[in-house]
Amino acid sequence: MSYKVTNSSALTHGSLGKQVGLSIITFGLYTLYWMYKTADQLDRGTDANVTPILAVVPFYGFWVVADAAEAVTDQSSVVLFLLFMFFGPAAWFLVQSGINSHASGA
């Protein structure tokens, strides 16, 4: 399903460098927080109906975020989901870059 950004002010800029650093320092636990926080932003900033707590459920969470993130990226939800499954950093980069782009008003 194709979602649209409805409230850019609900999307906040996130530093990819800091996120990678925090993920390394916390041995990957930061990624669970990032999934929850990102799902919450996508729920408030797009017309997607996302339940943020479900974003931390393995595999299902990838789909929840990938589907809603279609509104902030130029990628399909299937491509984002497959990236989350097989090369997570690429999906993380695309989703966070899309959020950053909309948060800055570009």
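Descriptive notes on the structure:
- In nm, spacing of pseudo-spin labels at Ile25 and Val57 (7 Å Cα→C-beta vector): 3.2 nm
- For the stretch 12-103, the Kirkwood hydrodynamic radius comes to 12.7 Å, computed from all pairs of different C-alpha atoms.
- Two-site label geometry, Lys37 and Phe93: point separation in nm, points 7 Å out along Cα→Cβ: 2.0 nm
- Ranked by the mean number of other Cβ atoms within 10 Å per residue, highest first, peptides 60-72, 3-15 order as 60-72, 3-15.
- Taking a span of 15 Å or more along the helix axis (Cα atoms) and a mean Kyte-Doolittle hydropathy of at least 1.0 as the rule, no DSSP H helix of the chain qualifies.
Throughout, read-outs are computed from the coordinates displayed, never taken from laboratory work. Being a predicted model, the structure only gives us computed values, none of them experimental. Ideal geometry is used to build each Cβ from the backbone, glycine not excepted, and the neighbour counts take in all protein chains shown.
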